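Inspection log for the structure reproduced underneath, given as structure tokens.
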């Protein structure tokens, strides 16, 4: 272990950070994405400090293989863009860079300062940037070139103590961004870490701040949760903390009124973990069938509410689909993903809607396409996740083929 010092205004040296060597942090370098290593080394070769940062470093220290690698550097977005031709600058106020390697996207941001507060967009130093991050175990900087971890906030100590500790002052952390409440509970459930009692009480007291958050951000957070290996545990902890009502109001109300619904609803998130695999996927691995994870949110509701014996026309199906949309509010998932989720649950009840998408135009109506029809019993989609639903018609082969990987409803 080494100490990193910095000079104060009076010229005296002051301890700034602890630097952990490979033998101390024990990160398996084989779990680090080679393209992320290339980006950091290329930035350093051009004279700019750069590190892998955030959840990827936390997961590496915990012995997990991260799905995403975020990178931070002292280079401005314009300079990053000049170094990497396979990149683009995104954002209007908070500008950063996406670097592309085939299907993989790496987010590269510039050190921010505290000049305009914890959510400002003024560029700064690594010492300032670390104090803008949410929790100590997400504020570790990994240099893959030297294979060292730089720790300014005792994040390594909190990982050893299995504790979720905020860096931003508690009275500001949720006022600046209420979504941090969801993330605190999610991190604790996913890692088995504990949330200090006073911090947990603040989360419950400030939960109503989530009502101000846009549906887009809530959808983004919930989409990550339902694909997590411990999704059921995360949802249960969010409900206990009084947060889940702001993500899924109808489901939260049903869990409170019906213990039976709560048990089956939470147990159903096993399908979300199955869809995402038993743990973090290797970088660059294709995503799972999107509808499977989303189906966990609506399966129990549809099992109770859908008129399974009376689904005869496309209009009946559209009515059920609209009810599901309302049930999921404020979440607003992509239509095709939701269609796939509904299709999976319909197939579990022996209703085949494989011929046409829900909102296809009526050009196939004369051929009788698009209406749900009763199908003979068949294995659950969980047992045949790789098989496509049968169209039951040879005439479909004359239609233009869809691109490989496109959902077929």
On a C-alpha basis, how far is the centre of segment 218-261 from the centre of segment 27-79 in Å? Whole number, if you could?
32 Å
What is the Cα convex hull volume of segment 22-97 when expressed per residue in Å³?
105 Å³
Mind giving me the FRET efficiency for residue 162 and residue 21? R0 is 25 Å, r the Cβ-Cβ distance, nearest 0.05 is fine.
0.65
Cα centroid distance between segment 286-352 and segment 148-202, in Å?
35 Å
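What is the packing order of peptides 46-56, 259-269, taking the mean over residues of other C-beta atoms within 10 Å and listing the highest first? Walk me through the numbers on the way to the answer.
Details: 46-56: 20.5, 259-269: 16.5.
For the peptides 46-56, 259-269, the packing ranking is 46-56, 259-269.
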How far apart, in nm, are two points set 7 Å out from the Cα along the Cα-to-Cβ line at residue 45 and at residue 253?
5.9 nm
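Can you bin segment 1-165 into rounded, prolate or oblate? Criterion: square roots of the alpha carbon gyration tensor eigenvalues sorted a ≥ b ≥ c, rounded for a/c under 1.5, prolate for a/b above b/c, oblate for the rest. Write down the numbers at each step before the final one.
Working: a/c = 1.55, a/b = 1.13, b/c = 1.37.
The shape class here is oblate.
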What distance in nm separates the two pseudo spin-label positions at residue 30 and residue 329, each 7 Å out from Cα along the beta-carbon direction?
5.2 nm
Given labels modelled 7 Å from the Cα in the Cβ direction, how far is it in nm from residue 216 to residue 313?
3.8 nm
Cβ neighbours within 10 Å, averaged per peptide: list 88-101, 327-340 in order, most packed at the top.
327-340, 88-101
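Based on the mean of other beta carbon atoms within 10 Å per residue, what is the order of 121-129, 20-28, most packed first? Working shown, then result.
On the way: 121-129: 16.4, 20-28: 14.9.
Highest to lowest by the protection proxy: 121-129, 20-28.
Read the figures in this text as sums done on the coordinates, not as results from a lab. None of these values were measured; they are calculated from a predicted model. Glycine also receives a Cβ, built like all others from the backbone with ideal geometry; neighbour counts cover every protein chain displayed.
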